[in-house]
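Scroll down for the structure; my scribbles are underneath it.
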Amino acid sequence: MNFLQDSLEGFLAREHRVVIVDVTATRGSAPRDEGTFMLVAPTEIRGTIGGGQLEYLAIENARKLLADAGGEAKLDIPLGPEIGQCCGGRVELAFTFADEEARNALDARLAEEERRKPQVWIFGAGHVGRALAEAMTLLPLNVFVVEARESELDQLTSEVHHRLSAMPESLIADIPSGSAVVIVTHDHALDFLIGQAALARTDLAYIGMVGSKSKRGSFLHHIEEEGVDRAVADRLVLPIGGTAVGDKRPEVIAAMTTSEVLLAFAAWQAEQA
């Protein structure tokens, strides 16, 4: 079963006999980090601990447990020639039957992971905004899309958080520290208002705006007129997605911008460590 197409709730509601496979420790090079888990049912799985022979052995062991045909509660697997992998490290796995207590613990764990996900606030739900939302919902991010036009929000999937606001710039103040702001509205003047509000904060991991070199010049002129030091705009990524690819299709801009945002989050987290 495809990890992305099947929700955890749907999987657990459908599968009554499940083993939770947890990566409890890693040493050296490993395909996934400690804390990664997958769910194994008699004929289906959800998630991945890294694929390859490691995952094959984990699934085989979990299904032995489900069938009461042996199986171990813990495995310590070397990722070398012994199993046909070349990572070179070791992975320790724990196998737990998903009874009511384990399912409740898993729900709490996932709720905490959800709470800790970085937030991305996309201002504008036009072509680029929708492409960004679609790209980012595939990642461990909480995605919010802000629009003044309800008709545009209606075209978004339910996987993103919708925010209808006649004054989108007013929401900037309430965005959590360490979040990313991506500005892609239908109106340059509105972009500038949102951009100025975002740059007034110094605790955002990323601030980006769709546009061009000339739009950046216009924005610099705007903030100067507002009495803002031009140096403040050094924190603004404009244009989003960079210029290396030179492809202006919304999906390409979204892919390149998503990469920028992920790198910005990594830098931010390193600074906070």
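Any read-out appearing in this document is the output of simple, stated calculations on the displayed coordinates, not a laboratory observation. What you see is a predicted model; the values in this text were computed from it and never measured. Reconstructed Cβ throughout: ideal geometry from the backbone, glycine too, with neighbour counts over all protein chains shown.
Going by a ≥ b ≥ c, the root eigenvalues of the Cα gyration tensor, does the chain fall in the rounded group (a/c under 1.5), the prolate group (a/b larger than b/c) or the oblate group? Walk me through the intermediate numbers first.
Values: a/c = 2.74, a/b = 2.16, b/c = 1.27.
The shape class here is prolate.
In the chain, once you exclude exposed GluC sites (Glu not before Pro) (DSSP loop, at most 14 other Cβ within 10 angstrom), what's the longest stretch remaining? Walk me through the intermediate numbers first.
On the way: sites that count: Glu34, Glu44, Glu72, Glu159, Glu226.
That would be 73-158.
What are the lysines whose alpha-carbon lies under 23 Å from the alpha-carbon of Lys64, with same-chain residues fewer than 8 places away excluded?
Counting by Cα, and skipping residues close in sequence, Lys64 has these lysines nearby: Lys74.
Taking the Cα centre of the chain as origin, work out the dipole magnitude from +1 charges on Lys and Arg Cβ and -1 charges on Asp and Glu Cβ, in debye rounded to 20. Numbers along the way, then the final one.
Values: 25 positive and 41 negative charges, 112 e Å.
Once rounded to the nearest 20, the dipole reads 540 debye.
Dipole magnitude of region 117-272 about its Cα centre, charges +1 at Lys/Arg Cβ and -1 at Asp/Glu Cβ only, in debye to the nearest 20? Numbers along the way, then the final one.
Details: 12 positive and 20 negative charges, 67 e Å.
Its charge dipole is roughly 320 debye.
How about Lys215: which lysines have a C-alpha closer than 23 Å to its C-alpha, ignoring those fewer than 8 places off in the same chain?
The qualifying lysines are Lys248.
Which of Asn142, Val120, Ala94 sits farthest toward the positive end of the charge dipole of region 82-166, with +1 on the Cβ of Lys and Arg and -1 on the Cβ of Asp and Glu?
Among Asn142, Val120, Ala94, the one farthest towards the positive end of the dipole of region 82-166 is Val120.
Less than 15 Å apart at the alpha-carbon level, and either on another chain or at least 8 residues along: which aspartates and glutamates does that give for Lys117?
Within the straight-line cut-off, Lys117 pairs with Glu159.
Once the piece of chain linking Ala73 and Tyr56 is laid out straight, how much longer is it, given 0.36 nm per residue of separation minus the C-alpha distance between them? All intermediate terms of the calculation are to be shown ahead of the outcome.
Numbers: separation 17, 0.36 × 17 = 6.12 nm, distance 1.59 nm.
Using 0.36 nm per residue and subtracting the Cα-Cα distance, I get 4.5 nm.
Using alpha carbon coordinates only, what is the Rg to Rh ratio of region 117-272, with Rh defined as the Kirkwood radius? Write out the running numbers ahead of the final one.
Details: Rg = 14.3 Å, Rh = 15.4 Å.
My calculation puts Rg/Rh at 0.93.
Around Ile194, under 11 Å between beta carbons, what's the net of Lys plus Arg minus Asp minus Glu among the other residues? Intermediate results must be reported in sequence, preceding the final value.
Values: positive: none; negative: Glu169, Asp187, Asp191.
With Lys, Arg at +1 and Asp, Glu at -1, the net is -3.
Remind me, relative contact order of the chain in percent, using alpha carbon pairs under 8 angstrom and six or more residues apart?
Working: 441 pairs, mean separation 35.2, N = 273.
Worked out over the chain, it gives 13 percent.
With θ set to phi - 60°, apply the Karplus curve 6.51 cos²θ - 1.76 cosθ + 1.60 along region 236-245 and write out the HN-Hα couplings as whole Hz, x wherever there is a Gly or Pro.
For region 236-245, the Karplus-derived couplings read 8, 8, 8, x, 5, x, x, 10, 5, 8 Hz, x marking Gly and Pro.
List Leu171, Leu193 from most exposed to least, where exposure is judged by having the fewest other Cβ atoms within 10 Å. Spell out each step's value before the answer.
Working: Leu171 17, Leu193 21.
The most exposed by this proxy come first: Leu171, Leu193.
If you take the charge dipole of the chain about its Cα centre, with +1 on Lys and Arg Cβ and -1 on Asp and Glu Cβ, which of Ile223, Thr202, Leu106 is farthest toward its positive end?
Result: Ile223, furthest along the dipole toward the positive end.
To the nearest 10 degrees, how steep is helix 250-272 against the longest Cα principal axis of the chain, on a 0 to 90 scale?
Taking Cα atoms only, the helix is inclined about 80 degrees.
When the dipole is taken about the Cα centre of region 1-158, and only Lys, Arg (+1) and Asp, Glu (-1) are charged at their Cβ, what size is it in debye, to the nearest 20? Provide the component values of the computation, followed by the final result.
On the way: 16 positive and 26 negative charges, 62 e Å.
It works out to roughly 300 debye.
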